[in-house]
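The values are calculated or read from the model by the stated rules, or taken from the named source; none is laboratory data. Only a predicted model underlies this, so the values are computations on that prediction, with no experimental measurement involved. Cβ coordinates were reconstructed from backbone atoms using ideal geometry, including for glycine residues, and neighbour counts include every protein chain displayed. For accessibility, only protein heavy atoms count, side chains too; no ligands or nucleic acids. Shrake-Rupley method; radii C 1.70, N 1.55, O 1.52, S 1.80 Å.
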Amino acid sequence: MPGEALGPARAAWTMKPSSERFLAEYLRALRDLGLYREALAEEVYVRGGGVCRYYLADCERITGPVHGDSWNYLLSTSSRGDDSAAADASAWLAILYRNEGDPGAAVSMARRAVALRPDDSFYRCLLAGMLADSGCVEEAGELLRRLRLRGYTGYSYWRAMAGLAKAENDTRRRVWAFSRALELRDCPESRRNLGWALFGYGLEALREGNTVLCAERMDMIPELGDSSELFVRKADSVSKLIRELENRAAGGR
């Protein structure tokens, strides 16, 4: 809910203007509200790379030109070094290219992040997700299998597993993966991801004629958000439709 986040985020940053974390939350709220120009106007307060650069670069992507100051900063940092800053910039660029609809470039930048920091499990999960998005499901699956053997099954792992399940059209496994992610990190993002996965699972059951399973899945969704969430409203509409069809069928007997 970026509208509600904007005021507190701005207040936090005002009280501690040196905090990149607070500035990042403010920039994220501005971006999510579509206030891209307002976000870009705060670029003068950004020093170095990191998440603030990502939000600014994403605003540049949306408003054009894509390769603005922040995007070019990330490109330069990614290409000129072999340290953690270059790996971090490569990871942000991978996400930006995915947002732009360029899976090939996204995979390339994710590979660079992994090459720079091969022991970082987060970058490996990011690469697995990018590979799944681009259709390289076998490589993505093998990468996730190796991570699991290494004992890493954190939040990023389950998000990547959900992406692989989506690429393989395995709706049930996608719900399972997002459920595990929610267990590890209960936040609006994880609830929203699971909510949409359950909605897709329910629609799949409905198309197959299984109204009971569809209703069960739709009834689980309101626990994940309130009526301000689109997936909750859509699930409620489907539930009402199922009840109406059942009532009509019962009346016709």
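Annotations for the structure displayed:
- Taking the listed residues ASP120, ASP133, the one that is under 14 Å from the mean Cα position of the chain (by Cα) and at pLDDT below 95 is ASP133, with no other qualifying.
- Residue match in segment 192-201 (condition: under 30 Å from GLU138 (Cα atoms), of a type in the set (Gly, Ala, Ser) and crowded, with 19+ Cβ neighbours inside 10 Å): yes
- Subset of segment 108-140 [among the small types (Gly, Ala, Ser) and either touching a helix residue (DSSP H, G or I) at 6+ places or on another chain (Cβ under 6 Å) or under 15 Å from ALA91 (Cβ atoms) (or both)]: SER108, ALA110, ALA113, ALA115, SER121, ALA128, GLY129, ALA132, SER134, ALA140
- Residue ID - surrounded by the fewest Cβ atoms within 10 Å (Cβ to Cβ), chosen from residues in segment 169-191 that are among the acidic types (Asp, Glu) and assigned to a loop (DSSP other than H, G, I, E, B): ASP186
- Residues within segment 54-84 that are among the polar types (S, T, N, Q), open to solvent by 40 Å² or more (accessible area, probe 1.4 Å) and either more than 25 Å from GLU38 (Cα to Cα) or not in a helix (DSSP H, G or I) (or both), tallied: 2
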